[in-house]
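This is the structure I want to talk about, given as structure tokens.
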Amino acid sequence: PRASRTIPYVSKTIGVSLAKLAAKIMVGKTLQELGFTEERKIRHVSIKESVLPFIKFPGVDTILGPEMKSTGEVIGLDRSLGISYAKAQISAGNSLPVEGGVAISLADKDKKHLLPTVRKLDELGFNIYATSGTFALLKENGIHAERVFKSGEGSPDIVDLINSNKINLLINTPAGKKSQFDAAAMRRAALQHGVPYVTTTSAAIAAVEGILALKKEEITVTSLQEYYAK
């Protein structure tokens with residue numbers, strides 16, 4: 001039997017030691033005897049985030065694949081998705097910005113899906129920098145943005161902006177091998193300069209929810225025991 005690294009996080013989320021339950025079941029106890037036959041109802045949101053050590057490996061692209069690359073994991077707990085996600089990012093060393101510049105380069109399949117998310121960033125007063133295809137769609141939909149080049153297309157490109165400290169968040173969803181190659185430089189630059197970045201639509205949506213939460217409320221600390229008591 002094997003318990004993955006997720007098991008301790010689930011245990012902390014619901015207030016039940018699943019490893020202890022499993023051990024008792026393996027020696028003959030039943031779930032009925034242990035009083036664990038119903039799903040635990042929780043009123044908080046729990047976010048598990050991986051800690052990725054890309055900075056220790058020069059030249060490695062930061063895009064994720066099916067292989068295990070994390071060296072640790074952290075948890076963010078709070079009453080809403082936004083603030084829980086923000087806590088998880090802080091714990092993972094990837095703190096979300098509440099102002100500044102956002103560089104955006106999206107795959108065609110993600111552009112329309114992320115329009116509402118990018119619009120929120122515009123409404124929050126962020127300076128949006130977008131590559132050609134993304135810029136055209138944003139302009140067509142009334143979202144303020146400045147057009148910039150992809151890495152290697154011309155100057156200034158997104159890497160130039162990151163190097164000059166004009167970017168506080170990078171949203172890049174790659175499409176295909178060529179796009180991954182073109183975008184690798186901007187992702188690496190973001191990593192080297194400590195700029196938080198996301199590479200999936202779900203992470204981009206959650207990141208903006210986290211930024212909204214950080215701008216509306218202060219982060220508070222609550223013990224696990226207090227969550228269970230509620």
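Probe of 1.4 angstrom, ligands and nucleic acids ignored: what's the accessible area per residue over the range 122-166, in square angstrom?
Values: 2410 Å² over 45 residues.
That works out to 54 Å² per residue.
Please list, in chain and number order, the residues 5+ apart from Glu146 or on another chain whose amide H is under 5 Å from its amide H, with Hs placed from the backbone.
Residues meeting the amide H criterion: Ile128, Tyr129, Ala130.
DSSP loop GluC sites (Glu not before Pro) in the range 122-230 with at most 11 other Cβ atoms within 10 Å of their Cβ, which ones? Provide the component values of the computation, followed by the final result.
On the way: sites: Glu123, Glu140, Glu146, Glu153, Glu209, Glu217, Glu218, Glu226; in loops: Glu153, Glu217, Glu218.
Listed in order of number, the matching sites are Glu218.
Over the chain, what percent of the accessible surface lies on carbon and sulfur atoms, probe 1.4 Å? Mind showing how you got there, number by number?
Details: 6960 of 12950 Å².
With neighbouring chains kept in place, the figure for the chain is 54 percent.
With only alpha-carbon atoms in the gyration tensor, what are the semi-axes of the equivalent ellipsoid for the chain, in Å, largest first?
Values: eigenvalues 297, 81, 45 Å².
Over the Cα atoms of the chain, the ellipsoid semi-axes are 39, 20, 15 Å.
Related question: For Glu73, enumerate residues with amide H under 5 Å from its amide H, sequence gap 5+ or separate chain, H modeled in the peptide plane.
It is Val51, by chain and number.
A further question on this structure: So with the 1.4 Å probe, I'd like the accessible area per residue for the range 181-230, rounded to whole Å².
On the way: 2610 Å² over 50 residues.
For the range 181-230, the solvent-accessible area averages 52 Å² per residue.
May I ask you to list the aspartates and glutamates whose Cα is less than 20 Å away from that of Lys215, ignoring any residue fewer than eight positions away on the same chain?
Hits, sequence-local ones excluded: Asp78, Glu99, Asp122, Glu123.
Right, here's the next one. Bin all alpha-carbon pair distances of the range 183-225 at 5 Å intervals from 0 and give each bin's fraction as a whole percent.
5, 17, 17, 17, 19, 13, 7, 3, 1
Going down the list Lys48/Lys139; Lys166/Lys216; Lys29/Lys87, which pairs span over 30 Å between their C-alpha atoms?
In this structure, Lys48/Lys139; Lys29/Lys87 lie more than 30 Å apart at Cα.
If the cut-off is a Cα-Cα distance under 19 Å, which aspartates and glutamates reach Lys20, setting aside same-chain residues fewer than 8 apart in sequence?
Output for Lys20: Glu33, Glu38, Glu39.
Still on this model: Please list, ordered by chain and number, the residues whose modelled amide H lies under 5 Å from the amide H of Tyr197; skip anything fewer than 5 residues away on the same chain.
So Tyr197 has HN proximity to Leu170.
Using C-alpha positions alone, give me the convex hull volume of the range 126-230 per residue in cubic angstrom.
Roughly 153 Å³ of hull volume per residue.
The values are calculated or read from the model by the stated rules, or taken from the named source; none is laboratory data. Bear in mind the structure is a predicted one, so any value in this text is a computation, not a measurement. With ideal geometry, Cβ positions are generated from the backbone for all residues, glycine too; neighbour counts draw on all protein chains shown. Calculation scope for accessible area: heavy atoms of the full protein, side chains included, ligands and nucleic acids excluded. Shrake-Rupley method; radii C 1.70, N 1.55, O 1.52, S 1.80 Å.
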